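Notes for the one structure printed next.
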Amino acid sequence: MADPARDIRTRLEAAAHGLPVPEPTAASLFDHEVFSARSSVSPDEHYHLTHERMRVLNQRLGGGRSVLRSPEWMLAVLEHAAMIDPSLFLRAMVHYAVCLNAAVRLGDGNEELTAAVDRLDTLATVGGVLITEVGRGNSHISVRTRAEYDPELPGFRITTPAPEDAKFMPPVGLPGVPKTGVVYARLFAGGRDRGVFPYLVDIRDEHGPRPGIGVDRLPDTSVTPLDYSLVSFDNAPVPFGRWLRDTAEITPRGEFREPEEHAQQRLVRSLTVSSSASAAGAAALAAATRATAAIAHRYARHRRTESTVAEHVPVIDYRVQQDSLFGAISSAYATTFLVDSALRRWAEGRTTAPEGDDAAGAATWAPWTAVNRELSLAKVSATTTAERVCAEARRRCGAQGVLTTNRIPSYEALAQIYNSAGGDNRLILLDVGRALAAGTGYQPPRAERPSPPYRSLTDPRMCSYLLRADERWLHEQASAAVGTGTAPDALEEWNDHLWLLLELASAHARRLEFQAFGEAVGSVSDPRASRALRSAYELWELDAVGQRAATHLAHGRITAEEYLALPRLRSTVLRSFDGPVLAEGLGVPFDQLSVPIADPDYPYLLKHART
Ligand SMILES: Cc1cc2nc3c(=O)[nH]c(=O)nc-3n(C[C@H](O)[C@H](O)[C@H](O)COP(=O)(O)OP(=O)(O)OC[C@H]3O[C@@H](n4cnc5c(N)ncnc54)[C@H](O)[C@@H]3O)c2cc1C
């Protein structure tokens, strides 16, 4: 996947000409019996199946290190895994993008560490991450787990100070499967707190939890099920070489040293691999959105329905069904373009972490935005879109929409967990809003009303003006309200204005999505594909304007007539929408997914379906 955006454009062009749509880059890795749908299994069987799928995937990849060879390859593998099995995606994402990645990037390559990385590479042990603590909200910025330097070991002793500081909810509960985790703990060396560092810790081997480590399994959940657990440490010994020390060191005489500027950004530096987690989450959510939109659209094309206004017609013939499902398809394109644009910039090293005071200020609520604002925001935006599209597609598929065999519920579950997994979305929006309000690496957009004649609200110049004017206004309000405040005493002053930060960050994300979509439309040269994509773009524009229509109206940015004309405009766009071509262009690997309702013969397939 040299360039994911180009991939989707290539697929669309093929679909527009009735040609076979090229397979996604990593598809062939998943051509194996283990990835096919299974009959209902118990929770433990499901967890074993997930590990078996991981094992086969890892073997076919040629080991874990190979996944890290480029961000593009890692994301291609993980986003495909998300379509095949969201639990597999989550497990693989944490193993490769977080645990192995942290060990390689933050470790110093010493012998002890290399031996541990070798075991992760071959999947002799499955990697996890342990940062969240159960007893306090937003525990990530005030980790309490302690790592005491112990020269006698030599190494560290990790301790959970109180039961409420237990690590929450790494999937390490399944007996018999060795697990290793990147544990975030506050380092105490030379009698002083040195900040939060990661340590590569063996949590359990085939016989059970390692000495000093307690693992309590959480009750099973059907939402992206894994063997989630609580983990506590009681003087758990960790060899010195397992300290992922970044640029810090402890000399043979026990002196702790770290460059001053790195010490100031300790938490953000320790969490640097969270950018890979955000990137993978965003890519997976966009893939789940594409799959959901394409499944629901296929079903609506062959689902015949009766009414007194029309007999036995496909339900997609109804404009209201089109409104939902064409809307889902255009959202799938939009989120893909937004995510791909952020991923491309990240892969090229163009999204950098803020530094110095900017970095400190960026983590008012949580560390994620300070690590990478663009990717965190892409992850939030992709979650919102996936959750909305999955919910609407589920409803529009009727009862079939709630059957796991038809896949939509598991994609919707992935969207639900991503409100929290990889960092709480609301806190990310608050931090992004705060940074924008303070003007950190940001200029509010200029907004000039296009001079008439512009065609309508679907004219990109008009949409651009509306999105920019909205963001600019929110920026003015937010910066006046909270721009100069300083945490943590600012709550009283800020409390009534926090919604402005959420709105500003969302408006910013909306504009970035608009830009990414516009660039993609502009880069498709094939006339048929271009025509199709343009109608998806127009539908997205109407959604974006509609979401904030009351505000646009209140500010006089649109007239009452324009507002009242929106439904008519929408019908016009829906009539020209090439659903089959656009759905096909999403490139969903239906052969691998075996979704009964995606086939006209679904009544027969359902009788023999597996979940
Ligand atoms: C499926 C899944 C798998 C996970 N796996 C792991 C894992 O392997 N390892 C790991 O360490 N963690 C894991 N997590 C935990 C995840 O990182 C956290 O759930 C997430 O960071 C949110 O933290 P929390 O659950 O403590 O929410 P809380 O911080 O308790 O937030 C609860 C609510 O309060 C709001 N809130 C909290 N603080 C503030 C504030 N200061 N101001 C305003 N609003 C606030 C939040 O927006 C949210 O709406 C997993 C989570 C999920 C869902």
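The values are calculated or read from the model by the stated rules, or taken from the named source; none is laboratory data. A quick note: this is a predicted structure, and the numbers were derived from the prediction, not measured. As a convention, Cβ positions derive from the backbone with ideal geometry for all residues, glycine included, and neighbour counts pool all protein chains shown. Areas reflect the complete protein model, heavy atoms only, side chains present, ligands, DNA and RNA absent. Shrake-Rupley method; radii C 1.70, N 1.55, O 1.52, S 1.80 Å.
Taking a ≥ b ≥ c as the square roots of the eigenvalues of the Cα gyration tensor of the chain, is the shape rounded (a/c under 1.5), prolate (a/b larger than b/c) or oblate? Oblate, because a/c is 1.5 or more while a/b does not exceed b/c. Note on the range 4-117: dipole from Cβ charges, positive end direction compared against 71, 81, 94; the farthest Cα belongs to 71. Solvent exposure of the range 127-267 amounts to 42 Å² per residue of accessible area, where only protein heavy atoms count and the probe is 1.4 Å. Computed about the Cα centre, the dipole magnitude for the range 277-596 is approximately 1080 debye when only Lys and Arg (+1) and Asp and Glu (-1) carry charge, each at its Cβ. The range 182-221 to the range 568-611: how many Å between their Cα centroids? Centre-to-centre distance over Cα atoms comes out at 45 Å. At q = 0.24 Å⁻¹ the log10 of I(q)/I(0) for the range 249-350 amounts to -1.16, computed by Debye summation with a single uniform scatterer per C-alpha, solvent ignored.
If I ignore ligands, DNA and RNA and count only protein heavy atoms, how much of residue 346 is accessible to a 1.4 Å probe, in Å² to the nearest 10? Here the accessible area works out near 40 Å².
Here the extension length gained between residue 305 and residue 395 equals 30.9 nm, from 0.36 nm per residue of separation less the Cα-Cα distance.
Going by accessible surface with a 1.4 Å probe and the largest first, 428, 417 read 417, 428. Ordered by 1.4 Å accessible area with all protein chains kept, 187, 569 run largest first as 569, 187. For a straight C-alpha distance cut-off of 26 angstrom, the lysines reachable from residue 167 (same-chain residues fewer than eight places away being disregarded) are 179, 379.
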